[in-house]
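**Student:** First the structure, which I've put down as structure tokens, then a few questions once you've had a look.
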Amino acid sequence: MNIRSLLLGTGAAIALVPAAAMAERGDSGHVNLIYYQAPSIMNPYLSSGTKDLEASSLVIEPLIRFNPAGEMLPWLITEIPTVENGGISEDLTEVTYKLKPGVKWSDGSDLTAEDVVFTGSYCMNPEGGCAQLARFEGIKSIEAVDPMTVKITFAEPKAYPYLAFASYESPILQKAQFENCTGAAAPSCSEQNFNPIGTGAFKVDEFRPNDVISLSANENYRDPALPHFATMTLKGGGDAAAAARSVLETGEFDYAWNTQLAPEVLEEMLKGGKGEAIQAFGSLVERIEINMTDPSSSLPEGERATAKHPHPFLTDIKVRQALSMAIDRQLLSDIGYGAAGQPTCNLVPAPEAYASETNTGCIAQDIEGAKALLEEAGWTVGSDGVREKDGMKLNILYQTSTNAVRQDFQSVIKQWWQEIGVNAELKNVDGSVYFGGDPGSPDTFQKFYADVEMYANNFSGTDPEQYLAMYTCNKAPRPETGWQGENINRYCDPAYDALVVELGKTSDLEKRGEIAKKMNDMLTKDSMVILPLVYRGTASAKAKTLGGVEINAWDSQLWNVADWFREK
């Protein structure tokens, strides 16, 4: 079977948006959300942090969303384009979107094709940096055929064209608001980036970066009965435990995002009786990224952590292999996630068609093997117990976000690395900063001023093409892109870049799976620039009085927030 045949109508896994219940806009009053990683910006094109993408999804929307089953929903368009309905050309080089009539921005103006065209040019502007550039891979042009029709043309046949303007990672920006904020000027437009005008169920009343967002129902929202909540507060800060407690025990908040907690901690909180733990499995993988560039503070600012200076010892693959071999992934999964996690060696753990079933060699810990590998590579143990070679010691700065589970992981991994002669200095950064996109901060995960760093993210929908396309040479964060970019570890292999192009034009599903698995293996077991640790569920907590919530591992958790309501 191939994707072209799936695009011939019903096989495209198209779902319909459920009809709204009989209700009146704002009839449920106020709702309180807590994101312990506080949003720092409301523009997902300038941030790779999930907390920022989630917050912005309340206000700005894509053409296509994915439901909890991973099925496509025509969100701001009349239907999902297919070859059969004429939306995709026979040669797979063009896709045409028809906008839903009557969709308005929160300022009352009409959504038009020009807004979509502008959004594409905003992200693809060569003078700026875009955190979602992989979604626009292979696009030759985007044009407005008429005010309600957009045509995307690809440089080569595109087997899976649903990347640009699909999911909360690629929403539509209003041209009138952002047209003076393109290229290098994009990060400086605070008013636009903090208070975007959107088509979503809510609009921003006040945005305080890394603190709190006050929102109210969009009076121009396309469904006159929605949203059910008249106002919303999205509070940031604290930690995962405090956020979960505020829903499950005290009832102060209605929804807590990303309750990354040890199983026994969560179980005790649930005894409070105020809320419920909810989770779903998508493609979320906790992993360690290896910095292939030198982050040393001795280098000039603007050159550290860039391709100008390769890493002095992590470019040695045997060092990277040894770091991986020393880790007991099963134990990490058990102590951190229990039944909500499982050890993995894959960056792409699902769907099954794309998950590398033979990539399992990292699961078993091998301390002695790691030691032997380092000895073989000429790294000998010094008097202080730290291995060294040619005057260079294996001293590593290991950073992640502030979170109890992640600090537990850091602690045990530090011990394992110490056993093989690697010294790790641990650093944790507040998630609001770490996952923020501030180009002036030294502590963002994109800037990567450390040797290794740990985090988790996933891809939207059920096709990993965009996710794998993040690791091409040109997508490394650097000063010229305002430190935006998805290739966090600065991996660069022309052979990998060629596979990204090949995947994009391959329509046979079996062959797509083979290419994706090969790419996954290149990033993991073949190069060890990514050390996957745990395939874990997307977890949050909701109040028992909060109805309509459908947790979604394939798009924003807030994807259907317009339908949320207060249980009577």
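**Student:** Could you give the length gained by full extension between GLU143 and VAL386, i.e. 0.36 nm per residue of separation minus their alpha carbon distance, to one decimal place? Please list the in-between numbers first.
**Tutor:** Numbers: separation 243, 0.36 × 243 = 87.48 nm, distance 5.83 nm.
Gain on stretching GLU143 to VAL386: 81.6 nm.
**Student:** Let me ask you something else. What percent antiparallel are the DSSP beta bridges of the chain, to the nearest 5? Provide the component values of the computation, followed by the final result.
**Tutor:** On the way: 58 of 79 bridges.
The antiparallel fraction comes to roughly 75 percent.
**Student:** Could you list which residues have their amide H under 5 Å from that of THR293, counting only those 5 or more apart in sequence or on another chain, with H placed in the peptide plane?
**Tutor:** So THR293 has HN proximity to HIS311.
**Student:** On a 0 to 90 degree scale, rounded to 10, what angle separates helix 113-124 from the longest Cα axis of the chain?
**Tutor:** In the chain, helix 113-124 runs at an angle near 10 degrees to the longest axis.
**Student:** Let me ask another. If I model a spin label at ARG208 and LYS104 as a point 7 Å from the Cα along the Cα→Cβ vector, what separation in nanometres do I get?
**Tutor:** Distance between the two pseudo-spin positions: 3.2 nm.
**Student:** Okay, moving on. Region 83-187: which GluC sites (Glu not before Pro) are DSSP loop and have at most 12 other beta-carbon atoms within 10 angstrom? Kindly include the intermediate steps, with their values, before the conclusion.
**Tutor:** On the way: sites: GLU84, GLU90, GLU94, GLU114, GLU127, GLU137, GLU143, GLU169, GLU179; in loops: GLU84, GLU90, GLU127, GLU137, GLU169, GLU179.
Here the sparse-neighbourhood loop sites are GLU90, GLU127.
**Student:** Along the positive direction of the dipole of region 215-284 (beta-carbon charges: Lys, Arg +1; Asp, Glu -1; about the Cα centre), which of LEU226, ILE278, ALA241 reaches farthest?
**Tutor:** LEU226
**Student:** Filter LYS393/LYS414; LYS414/LYS447; LYS100/LYS151; LYS389/LYS427 down to the pairs with a C-alpha to C-alpha distance above 20 Å, please.
**Tutor:** Numbers: LYS393/LYS414 16 Å; LYS414/LYS447 23 Å; LYS100/LYS151 15 Å; LYS389/LYS427 25 Å.
Pairs exceeding 20 Å: LYS414/LYS447; LYS389/LYS427.
**Student:** For region 413-568, what does the accessible surface come to per residue with a 1.4 Å probe? Please give it in Å². Walk me through the intermediate numbers first.
**Tutor:** On the way: 4720 Å² over 156 residues.
Ligands and nucleic acids excluded, the figure is 30 Å² per residue.
**Student:** At 7 Å along Cα-to-Cβ for each site, give me the label-to-label distance between THR78 and GLU179 in nm.
**Tutor:** In this crude spin-label approximation the distance works out to 2.6 nm.
**Student:** So I have [x] 30.3; [y] 24.1; [z] 26.6, and one of them is mean projected area of the Cα convex hull in nm² calculated from this model. Which one is it?
**Tutor:** [y]
**Student:** Now for a different question. At 1.4 Å probe size, with the rest of the protein present, what percent of the exposed accessible area of region 461-503 is carbon and sulfur atoms? The partial results should precede the final answer.
**Tutor:** Details: 710 of 1190 Å².
Its accessible area is 59 percent carbon and sulfur atoms.
**Student:** Sort SER383, SER216, SER170 by accessible area with a 1.4 Å probe, largest first. Write out the running numbers ahead of the final one.
**Tutor:** Numbers: SER383 135, SER216 20, SER170 0 Å².
Putting SER383, SER216, SER170 in descending order of accessible area: SER383, SER216, SER170.
**Student:** Taking 0.36 nm per residue of separation and subtracting the Cα-Cα distance, what length does fully extending ILE551 through GLU252 add?
**Tutor:** This chain segment gains 105.6 nm when fully extended.
**Student:** Tell me the GluC sites (Glu not before Pro) within region 334-442 that lie in a loop according to DSSP and have at most 10 other beta-carbon atoms within 10 Å. Please list the in-between numbers first.
**Tutor:** Numbers: sites: GLU352, GLU357, GLU368, GLU375, GLU376, GLU388, GLU419, GLU425; in loops: GLU357.
Hits after loop and neighbour filter: GLU357.
**Student:** Using Cα positions and a limit of under 28 Å, work out the lysines in reach of LYS544, with same-chain residues fewer than 8 apart set aside.
**Tutor:** Those lysines meeting the cut-off are LYS51, LYS203, LYS235, LYS271, LYS274, LYS568.
The values are calculated or read from the model by the stated rules, or taken from the named source; none is laboratory data. Quick caveat: nothing in here was measured; it's all calculated off a predicted structure. Virtual Cβ from ideal backbone geometry, glycine too; neighbours counted across all protein chains shown. Heavy atoms of the whole protein, side chains included, go into the accessibility calculation; ligands, DNA and RNA do not. Shrake-Rupley method; radii C 1.70, N 1.55, O 1.52, S 1.80 Å.
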